[in-house]
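Working notes, beginning with the structure itself.
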Amino acid sequence: MIERYAVLLSVVTYLAISTVSLCLIVGVATIGPGRLYRLRQNALPRIRELKPQIILLVSVLLVSAVARERLQVVSQLYGLYLTGAIFAFEGEFVAWLQATFATPLRTLYFSWVYVYGYVFLLVFPFVAYGVLEESTTLKRLMTAYALNYAIGLVCYTVVYAHGPRNIMPDMVQPLLFTFNPDVLALTSQINENTNVFPSLHTSLSVTVGLFALLTRREYPGWAAIATPLALSVVIATMYLGIHWLVDVIAGIALAVGCVFASYRFISPAAGETTEDTASAVE
Amino acid sequence: MTPSPATTRRAVIAGSLAGLGTASAGCLGRVRNIAGREGSTQMTLDVYTTPADADPHGIRVARHLEEHLRAVGIATRVNTMAEADLYRRVLINQSFDIYIGQFPAHQRIDPDALYPFCHSEFNPEPGWQNPFGITDLTIDDLLEEQRGATPEDRPAVVDDLQREIARQQPFVTVVFPDALTAVQRGRFEGWRRDERVSKPMRLLSLSLSGDDEGASGTGDGETTGDDGSERTEEATAETTTETTAVDGPSADATLRLVTTDPRVAENRNPIAAEYRRDGTYTELLYDSLIRTRGDDRIPWLARDVSWLDEQTVRVSLREATWHDGEPLTAADVAFTYAFLSDTSMGTADAPIPAPRFRGRSTLVTGAEAVDDRTVDVTFADAHPQVGLRALTVPILPEHIWSERTEVAAIAGIEVDEQTTDALVWDNPEPVGSGPLRFVEASPGDRVVFARNDDHFLDRGPEGVPADLRGKPAFDELLLNLVPSDIAAVEHVADRRADATVSNLGPEAVPRIGREADATLVSRQSSAFYHVGFNVRNEPLSNPRFRRAVAGLIDKAHVVDEAFQGYAQPAASPLANADEWLADDLRFDGRDPETPFFGTDGALDVEAAREAFREAGYRYDDEGVLLVREP
């Protein structure tokens, strides 16, 4: 037991250290050390300003953490069993993807992206949008995150499906787990193997990617990093045999919907211009 | 799924009705005759099994079958679900077309185990009782006949029974898998190549390694040989262990097992069919009157069993207490047999039998306590040797289970009159009398059992083989749940576990060879993989159709591909019991009864389709197998 937590702890620690250092490096490069420093004095008033979004996001995460197991039971009893339907629909696409493109180097890259790249992708926008003069972008981002999680949780309850590696064990190698069993300890702690539709890895990454594109005038460097990274996460979910193409398409649709909704719900405060509205006006 | 050409053709006919109709009045009657008929559509079958994480083999068999079903023009969907969900669907709700599963046995199969499996009497009952819904007089007669037959006559009856089952194929016996296990060297001794590791008796007879360092070179006392044969190397280890056990096991004597099966962490009810695989842990928690090992019967809770007459045995019990301190008496034994055949204890309109142990509970007509320590058990019309099987059911405490006899209700509403509280109870804190007692469980994570120091094994009782006296040698059994077979092997390799108990797949096995500390133990298991058909519904109610489907499975190829050779193809559910297997059902390179349409896994599609045509099915011009629209 203790050993298991020790493994988990070491994975989490490593994850935290690598995320923080990546954020620092990319932060200095794309935001600049001066503005980055401003985050410190900005932090307290910013948190006060963002109170509703913080409450929203934290409560969605809390509900997800507390209710997930119970909702899983609901899903088992009343959910739609869609594994067979998804497989009948898209067939062996994921197996083909792996068979065609898998090399050890790519596997290493996509495994890294799936775990570490993804966490960095999700954390960094807090830094980047936190140093901005206006708070609208960060509000929108957090609203979009919360929507992603909330809708994802509903979908996981309604749909009961296993991922490709569980259906095509011979064709789809569980690359991530084979290469890094410690990661397995982490992912199995937070993920049910029936929560595949939609792919939240995809939807959250695409959400960050879309925000990066929308704020490209402010942070051209970040847009250049985030877009390929988000795309890599999207590909990684299928390459590693974790998600179906259908999950990924649904994830992308969810991301577009959430970003759109966050823009509809949250308009810039009076007198504030956000980077993207400014560019839209030009 | 996909609209068949036939359906579209029908729509076209309907659409052009007006035009055709007006063209000629005489034609109207003809149009009515055509359009009035129900059209045909493609046949659809749903195949259910567990995902690869839960069992690496079932899904591979399912995919093999699915591919070939599609090839012969049947729309097939493979649905995966967790064990408890799968078996709730198949065994309790009986809502499936085809399932792929393992026979729930860890012992060599006695032919009588087929009695509940195939007898029509159990058709409406939930559990591993006739999950197929086969109702056949010939099979019923043979099942009854083998129960009463003398030892001389029984083999011939059992041969006929196997032939009849093979002919009708209510299920396809696919393979007998090897029970592969990764075992860590040097901590415990007594793992044997020839026996499944998770057998309760095997776990109980393990002994601690004499010294931790030097043990890896000694081969762990693994011996090969037949079931029930004398142990050789182990005998030397025993003397040392016995003293250790009596003095109290050393501080780190925790036996750590890993499994992918999460069910025992959620539910520990010995009679809940959907939560039990073969009942290893419930057998360690609950004692039975006798235990079997190979061909030996070991007097367990029963100190002695003597025949009063042809049908009745008198059982005298050992001193035993329940884990909660209450004494175990003959009344508990009498209660158990009554309870297993009717969990409502006579309060429901009709008996509600326990869904497990049905074959054995139907062997008993009554059990009566003579005094506190003596009970008389009366058998049904069966040969004494078969009847004794009934003494291997777990004995349950009356003071716990007699409170669970009411019809189950959710918030006061009775959902189903055929279900008692006892069947749906999670039994969170099981009170048994067995050599292990329950300590704690956290779902999705682990289960902890502790050695029961009050158990009679600790007192080195008479009648119990030497290797079980003073056992178990561990003072705690820790069962860790892991997400996949690969993770299970990693646990053993990293010295975080002593052995794996769930199935290991083709990717996991080579890893064992690469790890210095892990060793592979294997033995042909009785838990054969089978393809079960729901014969209650069309088209699987048709034995010709079932035989054609059976011919789509290349069992030898499945062994090579899905099991990497760690299995034996089989044509009879008794294939691993040499003395029972019918000679003409021996798998000799090909299946003797339903040979594969093709060679080396490659299906001869035309030959297979011809078999379906011969069974009376039709194809459209695009090769779609047609059925009447429902």
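Any read-out appearing in this document is the output of simple, stated calculations on the displayed coordinates, not a laboratory observation. All values derive from a computational prediction rather than experimental measurement. Cβ: placed from backbone, ideal geometry, glycine included. Neighbour counts: every protein chain shown.
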Considering only DSSP beta bridges where both residues belong to chain B, give the percentage that are antiparallel (nearest 5).
-> 80 percent
For chain B, what's the relative contact order in percent, using C-alpha pairs closer than 8 Å and at least 6 residues apart?
-> 23 percent
Where a Cα-Cα gap under 27 Å defines reach, which lysines qualify for residue B:471, not counting those fewer than 8 residues away within the same chain?
-> B:199
Dipole of chain B (Lys/Arg Cβ +1, Asp/Glu Cβ -1, origin at the Cα centre): which of B:573, B:68, B:81 lies farthest to the positive side?
-> B:68
For a quick protection proxy, order the peptides A:154-163, B:341-350, B:170-179 by their average other-Cβ count within 10 Å, most packed first.
-> B:170-179, A:154-163, B:341-350
Note: residue B:306 to residue B:403 extended length (0.36 nm per residue) minus current alpha-carbon separation gives 31.7 nm
Once a ≥ b ≥ c are taken as the square roots of the eigenvalues of the Cα gyration tensor of the range A:47-178, is the result rounded (a/c under 1.5), prolate (a/b larger than b/c) or oblate (a/b not larger than b/c)?
-> oblate
Taking the dipole about the Cα centre of the protein assembly as shown, with the C-beta of Lys and Arg at +1 and of Asp and Glu at -1, give me whichever of A:120, B:439, A:96 is farthest to the positive side.
-> A:120
To the nearest 10 degrees, the tilt of helix B:137-148 (Cα long axis) against the first principal axis of the alpha carbons of chain B is 10 degrees
At 0.36 nm per residue, minus the direct Cα-Cα distance, what do residue A:123 and residue A:85 gain on full extension? Give it in nm, one decimal, please.
-> 10.2 nm
Which GluC sites (Glu not before Pro) does the range B:262-320 hold that lie in a coil by DSSP with at most 15 other beta carbons within 10 Å?
-> B:310, B:319
The range A:230-256 residues near the modelled residue A:25 label - backbone nitrogen below 19 Å, point 7 Å along Cα→Cβ = A:230-233
Within the range B:563-627, list the chymotrypsin sites (Phe, Trp or Tyr not before Pro) lying in a DSSP loop whose Cβ has at most 11 other Cβ atoms in a 10 Å radius.
-> none
What is the spin-label model distance, in nm, from residue B:514 to residue B:145 if the labels are put 7 Å beyond Cα along the C-beta direction?
-> 5.5 nm
Sparsely packed GluC sites (Glu not before Pro) within the range B:99-185, loop by DSSP, other Cβ within 10 Å at most 15 = B:152
Using 7 Å Cα-to-Cβ label points, what is the residue A:224/residue A:55 separation (nm, one decimal)?
-> 4.2 nm
Would you kindly state how much longer the chain becomes between residue B:605 and residue B:544 on full extension, computed as 0.36 nm times their sequence separation minus their alpha carbon distance, in nm to one decimal?
-> 20.2 nm
Under 14 Å from the residue B:614 label point (7 Å along Cα→beta-carbon), backbone N, the range B:537-579 | B:544-552
In degrees, nearest 10, the alpha-carbon axis of helix B:330-341 is tilted away from the dominant principal axis of the alpha carbons of chain B by 10 degrees
Counting each DSSP H run of 4 or more residues in the protein assembly as shown as -39500 (n - 2.57), what helix-only mean residue ellipticity at 222 nm follows after dividing by all residues, to the nearest 500 deg cm²/dmol?
-> -13000 deg cm²/dmol
Determine, from the Cβ-Cβ distance of residue A:96 and residue B:138 and an R0 of 35 Å, the FRET efficiency 1/(1 + (r/R0)^6), rounded to the nearest 0.05.
-> 0.10
Ranking A:194, A:214, A:136 by how far each Cα lies towards the positive end of the charge dipole of the range A:2-269 (+1 on Lys and Arg Cβ, -1 on Asp and Glu Cβ), the top one is A:136
If you wrap chain A's Cα atoms in a convex hull and average its projection over all directions, what's the area in nm²?
-> 16.2 nm²
At q = 0.04, 0.06, 0.09 Å⁻¹, base-10 log of I(q)/I(0) for the protein assembly as shown (Debye sum, equal scatterers on each alpha carbon) | -0.22, -0.49, -1.02
Measure off 7 Å from each Cα along the Cα-to-Cβ vector at residue A:74 and residue B:439, then give the distance between these two points in nanometres to one decimal.
-> 3.6 nm
What FRET efficiency comes out for the pair residue B:163/residue B:536, r = Cβ-Cβ distance, R0 = 25 Å, nearest 0.05?
-> 0.60
What is the list of residues in the range B:341-359 whose amide nitrogen lies under 18 Å from a point 7 angstrom out from the Cα of residue B:416, following Cα to Cβ?
-> B:341-345, B:348-358
The correct pair for the range B:388-448, radius of gyration to one decimal and Dmax as a whole number, both in Å and from Cα atoms, is 14.6, 42
What is the helix-to-structure angle for B:58-71, meaning the angle in degrees between its Cα long axis and the longest Cα principal axis of chain B, kept from 0 to 90 and rounded to the nearest 10?
-> 10 degrees
Computed FRET value (nearest 0.05) for residue B:326 with residue B:494, which takes r as the C-beta separation and R₀ as 30 Å | 0.10
Geometric extent, Cα atoms of the range B:287-424 - Rg, Dmax (angstrom) | 15.5, 49
Cα-based shape type of the range B:68-195, given that a ≥ b ≥ c are square roots of the gyration tensor eigenvalues and the cut on a/c is 1.5 | oblate
If you wrap a convex hull around the C-alpha atoms of chain B and split its volume per residue, what is the figure in Å³?
-> 173 Å³
